[in-house]
Amino acid sequence: MAAARLCRCRCRALLSRPPGAPRALRGLAAGPEMHFGFQTVTEAERREKIYQVFESVAKKYDVMNDSMTLGIHRLWKDILIHKMNPCPGTLLLDVAGGTGDIAFRFINYVRSVRERQLQRKLKHHQNLSWQEIFESYQEDKFNSLGDSQVVVCDINREMLKVGKQKAQHLGYSEGLSWVLGNAEELPFDDDKFDVYTIAFGIRNVTRIDLALQEAYRVLKPGGRFLCLEFSHVSNPLLSRLYDLYSFQVIPVLGEVIAGDWKSYQYLVESIRRFPPQEELKEMIEDAGFFKVNYENLNFGIVAIHSGFKL
Amino acid sequence: HHSLCGLRKAPSRSGPVPQPVLPAGRARLSHSDPRGWDGRGVEEEEEEEEGWHQLYPGHIPTSPLQKALLAAGSAVMALYDPYRHDMVAVLGETTGCLALPNLRDKMKHHPEGYRILQERPRIRLSTLDMARLRELPDGSLGREYVRFLEDNKVSPDTRMPPKFVDDEELAYVIQRYREVHDLMHTLLGMPTNMLGEVVVKWFEAVQTGLPMCVLGAAFGPVRLSARKLQVLATELVPWAIRSGRNASCILNVYYEQRWEQPVESLREEIGIFPPP
């Protein structure tokens with residue numbers, strides 16, 4: 001009997017979610033209740049805990065991303081930039097941009113577009129005099145980015161530190177700036193940016209509505225909002241496999257690679273808690289964006305939401 | 001009665017009170033899932049019998065699959081990066097499900113061991129009176145232990161607390177084993193370099209039967225030079241094995257009450273042969 005019961009427990013443990021779903025303990029709440037993974041905490045506590053999570057994972061953030069997603073996160077981020085299709089001269093704000101993945105891709109993309117632009121210009125210049133060609137070189141030489149700029153904003157000092165080190169290591173210097181700031185209260189003026197991105201960050205924001213409002217505020221009219229985030233898998237079989245992988249494998253990877261089980265347990269729990277595609281779409285519309293739509297990647301494991309400020 | 005790596009609930013007589021997982025503040029546990037779209041709220045109810053509750057501070061409940069993955073991952077990582085002591089610890093916890101109950105039973109059936117299980121002494125800087133130990137005569141356990149700590153620049157506080165052991169008493173047993181490790185070094189007269197550690201691991205492997213010790217003993221020598229390997233193979237390991245076999249269970253000694261006892265006499269009492 002006991003053996004059978006234990007067996008059933010184990011089977012369910014294998015297939016079901018966490019040995020991590022807490023039971024109720026009625027207590028006194030101080031302040032609005034929010035979720036932190038599967039726990040209920042106050043708003044202030046949530047901010048603090050999330051800050052600590054990213055502080056501790058910062059150094060191993062990229063390694064963990066690669067191991068958890070088997071490198072696929074790179075493709076997701078590439079797709080985001082392709083969807084953005086920035087032209088030289090774009091001013092991008094990358095919020096929760098921490099270690100700079102989106103920023104670096106943006107710079108690469110804009111640089112290659114710029115190169116093609118310059119090549120086309122050169123072709124047109126076949127019939128110019130040497131003097132004119134020389135002059136055109138002068139103005140374009142220092143403009144490999146074509147005045148594009150990206151501002152990386154993150155609330156966490158450690159993540160920014162890692163990002164800056166990476167930039168130095170990879171040789172990114174121009175067109176890049178790093179700002180410490182809170183997505184719910186951005187330290188920028190209204191109507192400043194052409195594109196606003198938040199990749200795998202909005203899940204960790206405590207008040208998503210405020211972050212969306214801020215996004216709307218700092219974008220220029222005509223500006224675009226892009227959000228890359230884990231989302232809801234509707235296919236039931238895939239959903240089970242995904243859950244199994246998330247809850248059984250990812251915390252183990254966190255423990256083995258980063259020595260940090262709890263942060264990665266939080267990660268998978270916070271993904272489950274995040275609103276699904278349609279609900280997020282409505283929230284974005286509520287903030288004032290138009291032409292809001294989303295694109296599922298990998299059956300909904302990840303989704304890109306897009307909206308325009310008109 | 002003896003479940004394998006099962007999730008046995010500890011009797012609550014002397015266990016620590018389960019505490020919330022994360023350090024800060026009041027983390028209250030949510031019963032109903034406010035987000036209705038997550039249909040798994042129902043599944044949460046069904047998991048009640050397995051439950052999610054911490055058996056001791058720092059406990060992380062894990063499923064058998066997770067334990068298997070942890071064991072494999074930590075073994076690989078420990079070999080790849082020998083400085084990851086936490087991985088060695090995790091390996092010990094996840095593979096110890098047969099050896100630990102064995103050890104616990106050995107302790108239970110021995111008067112001194114039983115007392116240790118009841119009183120749960122901890123070897124920590126805060127519980128040790130270092131000044132007093134330093135003043136003990138040379139050759140006594142206390143003096144030699146302090147000398148060992150100072151010479152090798154180690155501290156008893158660096159031992160990882162157990163996380164993945166699903167029985168509160170067994171968690172204490174493995175904790176005790178870790179804390180007694182430095183005393184093993186003292187009793188065996190082995191330093192904390194790679195060679196010394198391997199010798200102690202051989203001794204512990206024979207004594208405890210913990211797979212982690214066995215693996216450490218088998219794979220540790222991989223990183224040693226040929227000369228050391230020879231010394232190891234010809235003198236040290238046979239001695240360690242003989243001592244390990246001959247000695248009574250090292251966890252059954254209440255070390256905290258024997259600081260004044262000379263190391264030689266303690267060795268004889270336990271049954272450890274003099275080191276080569």
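Here are the criteria: (1) buried (at least 21 other Cβ atoms within 10 Å of the Cβ); (2) of a type in the set (D, E); (3) under 17 Å from the mean Cα position of the chain (by Cα). Tell me which single one A:D209 does not satisfy.
So A:D209 meets the others, but not (1).
Return the pair list, or none, for Cβ contacts closer than 7 Å from residues in region A:208-220 that are in contact (Cβ under 8 Å) with a residue 60 or more places away in the chain to residues that are charged (D, E, K, R) and part of a strand (DSSP E or B), at least 6 apart or on different chains.
Between residues of region A:208-220 that are in contact (Cβ under 8 Å) with a residue 60 or more places away in the chain and residues that are charged (D, E, K, R) and part of a strand (DSSP E or B), the close pairs are A:K220/A:D194.
For region A:154-202, name all the residues that are assigned to a strand (DSSP E or B), without any contact (Cβ under 8 Å) to a residue 40 or more places away in the chain and within 17 Å of the chain's Cα centre (by Cα).
A:W178, A:V179, A:L180, A:N182
Please enumerate the residues belonging to region B:198-229 that are of a type in the set (D, E, K, R) and at pLDDT 85 or above.
B:K201, B:E204, listed by residue number.
What's the number of the condition A:K291 fails, among (1) in a strand (DSSP E or B); (2) surrounded by 20 or more Cβ atoms within 10 Å (Cβ to Cβ)?
Condition not satisfied by A:K291: (2).
Working only within region B:230-249, note down all residues that are of a type in the set (A, V, I, L, M), surrounded by fewer than 16 Cβ atoms within 10 Å (Cβ to Cβ) and modelled with pLDDT of 80 or more.
B:I241
Does A:F289 satisfy the condition of being farther than 30 Å from B:K163 by Cβ and in contact with a Gly (Cβ under 8 Å, 6 or more places away or on another chain)?
The answer is yes for A:F289.
Quick check: anything in region A:265-284 buried (at least 22 other Cβ atoms within 10 Å of the Cβ), under 27 Å from A:C87 (Cβ atoms) and touching a Cys at 6+ places or on another chain (Cβ under 6 Å)?
no
Scan A:K83, A:K77 and give me the residue that is buried (at least 17 other Cβ atoms within 10 Å of the Cβ), within 15 Å of the chain's Cα centre (by Cα) and away from every other protein chain (no Cβ under 14 Å).
It is A:K77.
Just the residues that are among the small types (G, A, S) and either within 12 Å of B:Q207 (Cβ to Cβ) or touching a strand residue (DSSP E or B) at 6+ places or on another chain (Cβ under 7 Å) (or both), please, taken from region B:232-269.
B:A240, B:S243, B:G244, B:A247, B:S248
Please verify whether region A:233-255 includes one or more residues that are of a type outside the set (D, E), under 20 Å from A:M34 (Cβ atoms) and either free of Cβ contacts under 8 Å to residues at least 40 places away in the same chain or within 14 Å of chain B (Cβ to nearest Cβ) (or both).
Within region A:233-255, not a single residue is of a type outside the set (D, E), under 20 Å from A:M34 (Cβ atoms) and either free of Cβ contacts under 8 Å to residues at least 40 places away in the same chain or within 14 Å of chain B (Cβ to nearest Cβ) (or both).
So B:L183 fits all but one of (1) closer than 24 Å to B:E144 by Cα; (2) buried (at least 18 other Cβ atoms within 10 Å of the Cβ); (3) over 17 Å from the mean Cα position of the chain (by Cα); what number is the exception?
With (1) closer than 24 Å to B:E144 by Cα; (2) buried (at least 18 other Cβ atoms within 10 Å of the Cβ); (3) over 17 Å from the mean Cα position of the chain (by Cα) applied to B:L183, the lone miss is (3).
Could you grab me the full set of residues in region B:73-105 that are surrounded by fewer than 20 Cβ atoms within 10 Å (Cβ to Cβ), at the interface with chain A (Cβ under 9 Å from one of its Cβ atoms) and part of a helix (DSSP H, G or I)?
B:V76, B:D86
The values are calculated or read from the model by the stated rules, or taken from the named source; none is laboratory data. Bear in mind the structure is a predicted one, so any value in this text is a computation, not a measurement. Positions of Cβ are backbone-derived with ideal geometry, glycine not excepted, and every protein chain shown enters the neighbour counts.
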